[in-house]
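The block underneath contains the structure these notes are about, expressed in structure tokens.
The values are calculated or read from the model by the stated rules, or taken from the named source; none is laboratory data. Just so you know, these numbers come straight off a predicted model, no measurement behind them. Virtual Cβ from ideal backbone geometry, glycine too; neighbours counted across all protein chains shown. For the accessible areas, the whole protein counts, side chains as well, though only heavy atoms, and no ligand, DNA or RNA atoms are used. Shrake-Rupley method; radii C 1.70, N 1.55, O 1.52, S 1.80 Å.
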Amino acid sequence: MSRRLSRRTRILAAGTAVLAAVAVVTACSGDKKPVATPTPSATASPTPSPTPTPISNASPLTGLPNGMGKPVVVVKIDNTRPSHPQTGVDKADVVYIEQVEAGLTRLAAVFSGRVPSVVGPVRSARETDIQIFNQYGAVAFAYSGAQRAVVQALRRSNLNLASDGFGGGWFRGRGHAPYNLYTSPARILKAIPNAAKVRDIGFVFGPSVSMRPTHGVDVLFKAASVRWRWSSAKRAWVWSMDGSPASAVGAGQVTADNVIVQYVKVTASRLHDINGNASPHTQTIGTGRAMFFRDGRWVPGTWSRPNASAPTKWMIGKTGTRYRMKPGRTWIMLAGGAARVSLA
């Protein structure tokens, strides 16, 4: 597979590939000058677009055909320097970039349409995950541990839990713990046959609305920076972390068809890591501002989610028109607290 994985890893990866179709960067210098957050202004209501031809059996997560009826598995992935290049993240239908302790970030990757044989490195869960994924239903949720209070909360949630070792297919690659733990989403789904099937989480797909040209967007967290740039050659947004291209093993630089900046409220929870850093809690229920990116363009908007089980509505314009996304993969950056956002 990769120079980062051992011979045992290669053997296991090859084995799992035949299974049924089934993300701390060394802290970026915290003394970077914060980038001013743009204040999204009201945009004109979108010009009418032709009604698109319905896509057969389209997935509510990607808008791509033949996606209904498939089970969903979420995997928590490390997003720090020792974890790159990551494995399998390029196949995710949806990826959330969450804030964790010390101003760093972590990924929560959602797989349904294309389930890779190996994903990782897998890391621990947070309370934030429970609220985010309640809207997805009782999906399989793979993680490598958590504080006792978080584990207790996870057990009370609607998620089907798959911690380190569950269902088999977990292994250590090259490198040192905790940045070398991998899992097989296919085996997790096989072990959780009742995992929730893909369902509406609030995405609407269709022709582009009236949007403004942009080269991309930067999100600067306290100790991590995320950059998305439009690539005309790839016809997609390309991802960089802390100034370096972010790649997936065997796939090159990671791309997305849709990028969303979701402005959220982030507070310090009662929990702390082993270094005494407070664990941030991200609130994804309520309302807030948003920025939407597709096809080298962007538009400001809002998001709304009334309760834990309700899908998130993404809206633009004064009348609250639903924003239409491009069919494909979507990355959502949960920006709040000390995070700073700027257009490129």
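What to note about this one:
- Taking segment 227-281 as the range and being more than 24 Å from Gly103 (Cα to Cα), in a loop (DSSP other than H, G, I, E, B) and not acidic (Asp, Glu) as the test, the residues that pass are Ser232, Ala233, Lys234, Arg235, Val249, Gly250, Ala251.
- When Gly137, Gly103 are screened for being within 26 Å of Ser269 (Cα to Cα), open to solvent by less than 20 Å² (accessible area, probe 1.4 Å), of a type outside the set (Phe, Trp, Tyr) and in contact with a Cys (Cβ under 9 Å, 6 or more places away or on another chain), only Gly103 passes.
- So Gly328, is it within 16 Å of the chain's Cα centre (by Cα), of a type outside the set (Ser, Thr, Tyr) and either closer than 28 Å to Met241 by Cβ or part of a loop (DSSP other than H, G, I, E, B) (or both): yes
- Which listed residue is hydrophobic (A, V, I, L, M, F, W, C) and in contact with a His (Cβ under 9 Å, 6 or more places away or on another chain), from Ala224, Ala236, Ala268, Ala251: Ala268
- Residues in segment 152-210 that are under 17 Å from Thr87 (Cβ atoms), assigned to a loop (DSSP other than H, G, I, E, B) and polar (S, T, N, Q): Asn180, Ser184.
- Check on Pro306, more than 20 Å from the chain's Cα centre (by Cα), at pLDDT 95 or above, within 29 Å of Ala138 (Cβ to Cβ) and not hydroxyl-bearing (Ser, Thr, Tyr): yes
Here is a yes/no grid of residues against (1) crowded, with 17+ Cβ neighbours inside 10 Å; (2) within 26 Å of Pro85 (Cα to Cα):
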site	(1), (2)
Trp237	yes, yes
Met241	yes, yes
Pro245	no, yes
Val254	yes, yes
Asp273	no, yes
Gly276	no, no
Pro280	yes, yes
Thr284	yes, no
Pro300	yes, no
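- When residues in segment 128-157 are screened for being of a type outside the set (A, V, I, L, M), at negative phi, at pLDDT 95 or above and in contact with a strand residue (DSSP E or B) (Cβ under 9 Å, 6 or more places away or on another chain), 11 of them pass.
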